[in-house]
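> What follows is a structure written as structure tokens; I'll ask about it next.
The values are calculated or read from the model by the stated rules, or taken from the named source; none is laboratory data. This is a predicted model, so every value here is computed, not measured. No Cβ is skipped: glycine too gets one built from the backbone with ideal geometry, and neighbour counts run over all protein chains shown. Note: accessible area is taken over every heavy atom of the protein model, side chains too, but ligands, DNA and RNA are not part of it. Shrake-Rupley method; radii C 1.70, N 1.55, O 1.52, S 1.80 Å.
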Amino acid sequence: MKTLLALLSIVLLVGLLPGAEIPAMLRVGDVDTPEAETYMPHPHFSWKRSGSDAEYVIEIARDVAFRDVVDRDRIALVPRYVPHSALPAGTYYWRVRAIDSSGRESGWSKTEKLTVRFPETEFTVPLGATLKTVRKILGRAVERSPAVVHFTPGEYRIDPDGAEALLPLVGASGLIVDGHGASITLTGQCNIVKLWDSQNVLVRNLVVDFDPLPYTAGRITAIDRKAGTFDIRVEPGHPDLNDNPKFLVEEKSLIYDARLPRLKEGLPILITTRTNFERLDERAWRISLAAPKQHKLLEIGDVYLNAPRGPSAFDVQNCRHVTFQGNIAYSTCGIGFSTHYASGLNLLDHAFRRKEGRFLAVQNGGTNIHNGRIGPWVEGCRFENTGDDCNHINSLVMYVLAQLDENRITLRSFRNQCPQAKLDLRIGDELSFFDRTRGHELIRRHIESIDYTGRNIEVTLDGPVPELRTNDQEDPTQVFNASRSCGQFVFRDNTFLRGRRLGILAKGHLGLIEGNRFLELGGAGVDIWNAPYEGPNADTVLIQNNLFDRCGIAGNKQNQRWSIGTAVYRRDTADRWHRNLTIRGNHIIDSPTIAISLCDTQHVRVESNRIENRSLDTFRGDAPCAILLENTADAVLQDNQITDRRMESLVEPIREVGSERVRIEP
């Protein structure tokens with residue numbers, strides 16, 4: 001019997017040696033069946049991993065003989081695939097082969113069949129529809145799914161009128177929302193999409209903006225260094241400070257270089273102001289600095305940004321296999337994508353794009369993706385002028401309420417994230433116990449049984465744990481679900497441009513960061529770091545063939561200012577917690593400080609990278625070098641090319657501190 005599945009999770013065994021026995025298919029998704037159907041044109045293909053460093057070739061064809069191949073791709077390390085281009089309705093056949101590090105190929109896996117269908121139930125949103133009409137049509141579509149909702153092409157101006165979201169989708173399954181390029185302007189702050197408790201949903205081809213903008217900007221016209229104040233005139237097209245009550249209580253702000261526009265080079269990622277805003281005349285204000293010494297950093301002509309946090313643009317909670325494709329957002333009220341317990345999130349050709357005359361496209365971070373069993377697949381996307389990290393993936397912390405026995409504990413979530421998911425702990429999940437004060441992982445244990453008691457969860461583990469610090473104690477023990485750390489994440493062929501902080505901040509088991517462009521970021525292009533409430537660690541990640549151009553331009557020391565870096569929170573005593581990393585074939589241009597900084601890491605290869613300085617005369621930072629290895633072990637550095645005139649006075653362009661078993665080869 002055919003099964004409707006948007007997740008085409010075909011688990012295969014793929015051999016590495018030439019002539020290896022062609023493996024048999026084991027299962028499709030959660031159902032033993034030889035065929036699968038889906039209403040999603042970007043299905044998720046997966047198979048069993050083959051070898052520690054294997055690459056895979058996948059072919060998708062219209063015929064069983066593979067004479068009419070519609071998609072052929074090669075994916076390194078991660079044993080899954082999401083087609084970048086939509087598959088039209090029809091019948092397809094697919095297969096996979098593995099390639100090991102020596103280039104030896106396996107035979108093809110067993111050929112599998114997939115049928116892509118287009119939903120028969122269709123709804124149309126008429127041009128000029130009100131919020132009430134849009135939400136009514138969506139509600140009917142959710143009830144009658146599988147279904148498609150079409151927006152009539154054209155321009156819409158919609159007042160949210162206090163509603164949480166333009167497109168609320170709760171309990172949806174097998175639903176496509178197609179904007180067909182419709183341009184929607186929202187006149188109040190809200191989520192664009194609120195997607196909860198859903199699976200197999202596609203949202204595509206929407207163009208969204210906000211008027212008035214949810215942030216404001218003002219050109220600095222005068223500076224009183226003695227008084228610690230500066231005057232601004234609000235930029236054209238931006239709201240006045242008294243147009244939004246949040247502006248007048250916002251203490252943190254950004255300073256941009258108006259010519260580019262981006263974070264002003266050498267300045268902290270944030271400056272702090274007082275809330276005693278003084279109105280001078282229409283659209284002109286005087287602002288006081290909380291730290292008057294910061295006035296030395298400002299110049300007339302700089303741009304002051306006031307960007308308080310509001311609702312995220314795309315709020316995805318407790319969902320599986322959701323795809324956003326071809327959408328454009330010119331502004332957001334908060335984080336771009338905020339997700340908790342959303343597994344298999346796909347972002348394809350999605351753009352946060354800055355309009356001419358503006359300074360931000362995203363009010364806060366581009367993505368905050370938490371606690372996915374399968375990490376995101378992000379390909380062909382553009383993240384411009386984000387107000388924080390462009391992308392951030394992790395497992396959020398839990399805390400121990402009580403240690404009941406040597407192998408029994410009671411857990412509670414941090415900040416009550418996604419309460420309806422109830423932490424989604426499962427028997428067999430692996431928990432990591434982490435001492436944040438020392439940067440030390442205490443132990444890992446698997447869950448044997450689970451008992452829900454309201455918001456708290458009692459778990460029995462497969463072995464004893466040491467004495468833990470509970471939530472009511474100072475510096476409590478942190479607990480992470482390593483089985484929900486957004487592993488198998490993929491970032492391919494994206495552009496990250498002029499964000500305030502990092503391009504990708506990642507943790508998780510199995511990850512690929514390939515072919516991306518990281519340009520003029522305030523912080524690192526790629527950072528592997530367990531921030532204070534996020535973790536656990538990174539294990540088996542490939543960072544290859546990316547371009548990093550002038551990353552790390554922010555001036556404050558606490559900001560990660562390298563192009564590629566790894567570290568564990570609480571650096572002075574940390575474990576070598578990040579493992580099995582390969583950094584290969586990247587091109588790093590004009591890094592203001594260290595190009596590659598590897599701290600608290602073991603088993604790492606750095607090979608065939610090109611580090612080049614084209615325009616900088618000096619280093620920023622305390623340890624000028626091209627590559628730093630600190631508290632790192634079992635590292636191989638091979639065939640890296642360093643061309644930087646700043647290195648001429650340095651004895652060691654590659655610096656080792658507290659590291660061991662490091663091999664450097666030409």
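> Within the stretch 228-251, track down each residue that is among the basic types (Lys, Arg) and over 13 Å from residue 217 (Cα atoms).
Result: 246, single match.
> Just to check your reading of the model, which residue among 608, 591, 597 is within 23 Å of residue 393 (Cβ to Cβ) and hydroxyl-bearing (Ser, Thr, Tyr)?
One residue alone meets the criteria, 597.
> Could I ask something else about it? Answer yes or no as to whether residue 209 is under 30 Å from residue 282 (Cα atoms), more than 29 Å from the chain's Cα centre (by Cα) and of a type in the set (D, E, K, R).
no
> Give just the number: which of (1) at pLDDT below 90; (2) more than 24 Å from residue 463 (Cα to Cα); (3) β-branched (Val, Ile, Thr) does residue 339 not satisfy?
(1)
> Filter the stretch 48-83 for residues that are of a type in the set (A, V, I, L, M, F, W, C) and assigned to a strand (DSSP E or B) and give the result.
Selection gives 57, 58, 60, 61, 69, 70, 75, 76.
> Determine which member of the set 179, 139, 128 is small (Gly, Ala, Ser), in a helix (DSSP H, G or I) and either open to solvent by 10 Å² or more (accessible area, probe 1.4 Å) or touching a strand residue (DSSP E or B) at 6+ places or on another chain (Cβ under 7 Å) (or both). Don't jump to the end; show me each part of the working.
On the way: 179 fails: in a helix (DSSP H, G or I); 128 fails: in a helix (DSSP H, G or I).
Of the residues listed, the single one that is small (Gly, Ala, Ser), in a helix (DSSP H, G or I) and either open to solvent by 10 Å² or more (accessible area, probe 1.4 Å) or touching a strand residue (DSSP E or B) at 6+ places or on another chain (Cβ under 7 Å) (or both) is 139.
> Within the set of pairs 6 or more residues apart or between chains, which connect a residue that is loosely packed, with under 12 Cβ neighbours inside 10 Å inside the stretch 613-632 to a residue that is part of a loop (DSSP other than H, G, I, E, B) with Cβ atoms less than 6 Å apart?
Hits for this filter: 614/590; 615/590.
> Could you tell me whether any residue of the stretch 79-90 is over 24 Å from residue 350 (Cα atoms), out of contact with any His (no Cβ under 6 Å at 6 or more places or on another chain) and crowded, with 16+ Cβ neighbours inside 10 Å?
No, the conditions are met nowhere in the stretch 79-90.
> Still on this structure: Kindly evaluate residue 514 against the criterion of being over 17 Å from residue 598 (Cα atoms) and either at pLDDT 95 or above or more than 15 Å from the chain's Cα centre (by Cα) (or both).
Numbers: over 17 Å from residue 598 (Cα atoms): yes; either at pLDDT 95 or above or more than 15 Å from the chain's Cα centre (by Cα) (or both): yes.
Answer is yes for this residue.
> Right, here's the next one. Strands (runs of 3 or more DSSP E) wholly in the stretch 560-601 with at least 3 residues that are touching a strand residue (DSSP E or B) at 6+ places or on another chain (Cβ under 9 Å), open to solvent by less than 30 Å² (accessible area, probe 1.4 Å) and at pLDDT 90 or above - which ones?
Passing ranges, in order: 578-584.
> Going through the stretch 297-319 one residue at a time, which ones are assigned to a strand (DSSP E or B) and either open to solvent by 20 Å² or more (accessible area, probe 1.4 Å) or within 16 Å of residue 368 (Cβ to Cβ) (or both)?
Matches in the stretch 297-319: 314, 315, 316, 317, 318, 319.
> In the stretch 232-291, which residues are open to solvent by 40 Å² or more (accessible area, probe 1.4 Å), assigned to a strand (DSSP E or B) and over 30 Å from residue 592 (Cα atoms)?
233, 278, 279, 280, 281, 286
> Now for a different question. Scan the stretch 639-657 and tell me whether some residue there is on the phi > 0 side of the Ramachandran plot, in contact with a Cys (Cβ under 9 Å, 6 or more places away or on another chain) and modelled with pLDDT of 80 or more. Quick ask: steps written out before the conclusion?
Within the stretch 639-657, the subset on the phi > 0 side of the Ramachandran plot is 639.
Still in the list and also in contact with a Cys (Cβ under 9 Å, 6 or more places away or on another chain): none.
No, the stretch 639-657 contains no residue that is on the phi > 0 side of the Ramachandran plot, in contact with a Cys (Cβ under 9 Å, 6 or more places away or on another chain) and modelled with pLDDT of 80 or more.
> Just for the stretch 358-405: of the residues that are at pLDDT 95 or above, farther than 21 Å from residue 489 by Cα and not in a strand (DSSP E or B), which one is farthest from the chain's Cα centre (by Cα)?
Step by step, filter the stretch 358-405, then rank; the result is 358.
> Something else now. Looking only at residues that are over 21 Å from residue 432 (Cβ atoms) and part of a strand (DSSP E or B) in the stretch 453-500, which one is modelled with the lowest pLDDT?
Applying the filter and picking the extreme gives 453.
> Can you tell me how many residues within the stretch 330-347 are assigned to a strand (DSSP E or B) and closer than 15 Å to residue 200 by Cα?
5
> Return the total of residues in the stretch 530-553 being modelled with pLDDT of 90 or more and assigned to a strand (DSSP E or B).
Selection size over the stretch 530-553: 10.
> Which condition does residue 423 not pass, out of (1) free of Cβ contacts under 8 Å to residues at least 24 places away in the same chain; (2) closer than 21 Å to residue 319 by Cβ, if it passes all the others?
Every condition holds for residue 423 apart from (1).
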